[in-house]
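Chemist: Okay, here's the structure, questions in a sec.
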């Protein structure tokens, strides 16, 4: 099963920052996340997710789901890069570091940052990955 969406409305943390909690379901695994609502609304995230999934469905080999965007000047953003491999999509949890990129960071250009899929990290360990049939992403888009 595949799902990405918000499971709470907007909330405010101890520092006064707005966020919403979301969930990403990849097969039998569920990952919770907090999306920064300082720059983007929940609707902005949902629009990006739809666009990211549609890219894979249209034949692109990679894409990325942004789960927390801190604004154009933020040093990092939380994301899930995705790679299409035939009828399967491979997901990895990621952190987009923008310190080596020109600022301000443009989320419309995020797809150019995905790069090739790596299964092994710099230390030789396996990177955690989740695999989901592409068909499940298509069903998710159609059911929206």
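None of the figures in this text is laboratory data; all of them are computed from the coordinates on show. Predicted model, so just to flag it, every value in this text is computed and none were measured. For neighbour counting, all protein chains shown are included, and Cβ atoms are generated from backbone atoms with ideal geometry for every residue, glycine included.
Chemist: Provide 109, 1 in ascending order of the number of other Cβ atoms located within 10 Å of each residue's Cβ, fewest first.
Modeler: If I rank by nearby Cβ atoms, fewest first, I get 109, 1.
Chemist: Follow-up question, since we're still on this one. Applying 1/(1 + (r/R0)^6) with R0 = 35 Å to the Cβ-Cβ distance of residue 43 and residue 123, what FRET efficiency is obtained, to the nearest 0.05?
Modeler: Here the calculated transfer efficiency is 0.35.
Chemist: Follow-up question, since we're still on this one. Normalising by the residue count of region 2-143, find the relative contact order in percent from Cα pairs under 8 Å and 6+ residues apart.
Modeler: 19
Chemist: Modelling each spin label as a point 7 Å along the Cα-to-Cβ direction, I'd like the residue 34/residue 10 distance in nm, to one decimal.
Modeler: Taking the simple label geometry, residue 34 and residue 10 are separated by 1.7 nm.
Chemist: Write down the Kirkwood hydrodynamic radius of region 4-54, to one decimal in angstroms, obtained as one divided by the mean of 1/r over all alpha carbon pairs.
Modeler: In region 4-54 this quantity evaluates to 11.6 Å.
Chemist: Ignoring everything except DSSP H segments at least 4 long, calculate the 222 nm mean residue ellipticity for the chain; use -39,500 (n - 2.57) per segment, divide by total residues, nearest 500.
Modeler: -5500 deg cm²/dmol
Chemist: I need the fraction of alpha carbon pairs in region 2-143 separated by more than 18 Å, rounded to a whole percent.
Modeler: Above the 18 Å cut-off, region 2-143 has 56 percent of its Cα pairs.
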